[in-house]
């Protein structure tokens, strides 16, 4: 028997913890996976036959699809109850990027890692701000 006005039954702590771990895994695997699936495998440069200039290693479509994947992960996560887990996106994407970039022999991969970390943090915070605070449903006006 429930007490009137008590509200819906609360979920057990173990269920909440499982959901939190699930959302955390979604963000970490989604963001790291977006690097490895779209860009991490391509380390080759190519020469433009018209200009003779070397380009690469990433094609435009790779960068766009990686960005769309990260955007989808960030928006989907930011809208839910476990929105703080979206803050795992920048470190997991940066760590995934660092795995392939650390093979660089010039020693500049750490500068790149800082730039990737800063950019992904800034992007995540912008998406979080828009989805959590910018897209509020308008309050219904009484008739």
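Values computed for the structure shown
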item: Using a Förster distance of 25 Å, the FRET efficiency for residue 41-residue 83 (Cβ separation, nearest 0.05); result: 0.20
item: Helix 89-101 axis, angle to the chain major axis (alpha carbon atoms, nearest 10°); result: 20 degrees
item: Prolate/oblate/rounded label for segment 22-133 (Cα gyration tensor, a/c 1.5); result: prolate
item: Protection proxy ranking of 28-35, 115-122 - average other beta-carbon atoms within 10 Å, highest first; result: 28-35, 115-122
item: Computed [θ] at 222 nm, helices only, for the chain once each DSSP H run of length n ≥ 4 contributes -39500 (n - 2.57); result: -19000 deg cm²/dmol
item: Rel. contact order, % - alpha carbon contacts under 8 angstrom, at least six apart, the chain; result: 25 percent
item: 0 to 90° range, to nearest 10: angle between helix 13-38 axis and the chain longest Cα axis; result: 20 degrees
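Here, each number is a calculation from the coordinates, and none is a lab measurement. Note that the structure is predicted; figures quoted are calculated from it, not measured. Glycine also receives a Cβ, built like all others from the backbone with ideal geometry; neighbour counts cover every protein chain displayed.
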